[in-house]
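What follows draws every value from the coordinates through simple rules; no lab data is involved. Remember, predicted model here, so these are calculated numbers, not experimental data. With ideal geometry, Cβ positions are generated from the backbone for all residues, glycine too; neighbour counts draw on all protein chains shown.
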């Protein structure tokens, strides 16, 4: 990518000012108005191009505007966009079957987002165990609705909304003994991200996850894996749980599920499922979302993106580890879920990269999160690394 000075044109300024007037200002945004994209490239309203290493925060796994995904959405939209879950639709049944196949679970429930999936998982755990407490991990992020917020660690998210749905119980990450000590006769479930995304791309050991599984089995506690950010090929497997070989009782999915179309779901093992009337979602599993998800899964399979994500992730991390980056503490990740930890806040590097035609973002303030579409090429990776070298 060539260097470009990003100034706010009249077109960009008009959009930003309209947003400031009419939209609640709850997001910290870069001064950039995006208009189009294809593959790993997005373009702003003035036609400037950027390599997208954010991918909608690990959403656009098959890239922007993939022809097969676009065609599937168009085709379904011409037939049926939405009907109530009072009726059956073929796309929903087909997607449920496919998700059971790739997750190894028994049944699914459809919703519309990651935080909705976490809420559903919490409700299911409570109704199936008759217990009310949850054990979560320090630096966890599970969403911002009131139930999910109760098990989200960061105080800046939690404190303005206290009292929350339930009292928090957070344990040290990667410490199975702490999990064991936190479980009581009131504990419905332990919830863990197999890789913490918002917490800073923190990767627990496989041995830890296996031991937590054993502890949950021993105590009769359910185990929930939050795979909202790690699912659908992001780590080089369909789901991150496959790296450790641990099968949870319930798992959450969203983000990349619809290839960019909003969608969420939970999957649960045999014997754990909602009964009639216990939960619902008006738009959950609507035909358009299901068609998008089926197309996205087909693309991942047909284009070998699990293998590609592994290969490109290894290449990306090897390049990052070889270059001389001042202030780098660590480079870590799995597949194309990569974190570059710095000894200072990384916002200035994100701004610098924007000027150079690369989109990045910070997670946990001092960690650069790199999560491009799974179709990224070595040439594009080299361009991104060159920008980081300059930074």
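Which value results for Rg/Rh of the stretch 167-249 when Rg is the Cα radius of gyration and Rh the Kirkwood radius based on the inverse mean 1/r?
0.95
Considering the chain as a Gaussian network with a 10 Å cut-off on Cα pairs, which listed residue, 312, 251, 263, attains the greatest mean-square fluctuation?
Checking each option, the largest mean-square fluctuation is seen for 312.
What is the helix-to-structure angle for 206-219, meaning the angle in degrees between its Cα long axis and the longest Cα principal axis of the chain, kept from 0 to 90 and rounded to the nearest 10?
The helix 206-219 is inclined about 20 degrees to the chain.
Pick from 258, 304, 285: which residue has the top mean-square fluctuation in a GNM of the chain where Cα pairs under 10 Å get a spring?
Result: 304 has the largest fluctuation of those listed.
Angle, helix 90-103 long axis vs. longest principal axis of the chain, Cα atoms, 0 to 90°, nearest 10?
90 degrees
By count of other Cβ within 10 Å, fewest leading, how are 161, 283 ordered? Numbers along the way, then the final one.
Numbers: 161 13, 283 16.
Ascending number of Cβ neighbours within 10 Å: 161, 283.
What ratio of Cα Rg to 2.2 N^0.38 Å holds for the stretch 67-302?
Normalised by 2.2 N^0.38 Å, the Cα Rg of the stretch 67-302 equals 0.99.
Of 269, 8, how do they rank once you tally other Cβ atoms within 10 Å and put the fewest first? Provide the component values of the computation, followed by the final result.
Working: 269 18, 8 15.
By the 10 Å Cβ count, ascending, the order reads 8, 269.
On a 0 to 90 degree scale, rounded to 10, what angle separates helix 287-302 from the longest Cα axis of the chain?
70 degrees
Restricting to the chain, what percent of DSSP beta bridges are antiparallel, rounded to 5?
Beta bridges within the chain, antiparallel portion: roughly 65 percent.
Express the relative contact order of the chain as a whole percentage, based on alpha carbon pairs under 8 Å and six or more residues apart in sequence.
Relative contact order, the chain: 23 percent.
Hey, any idea what the orientation-averaged projected area of the convex hull of the stretch 233-287's Cα atoms comes to, in nm²?
The Cα convex hull of the stretch 233-287, projected and averaged over all directions, gives 4.9 nm².
Between the stretch 51-96 and the stretch 215-235, what is the separation of their alpha carbon centroids in Å?
25 Å
Give the distance, in whole Å, between the Cα centre of the stretch 108-141 and the Cα centre of the stretch 302-335.
Here the answer is 31 Å between Cα centres.
Quick one: among 342, 223, 69, which has the greatest mean-square fluctuation in a GNM of the chain with alpha-carbon springs under 10 angstrom?
342
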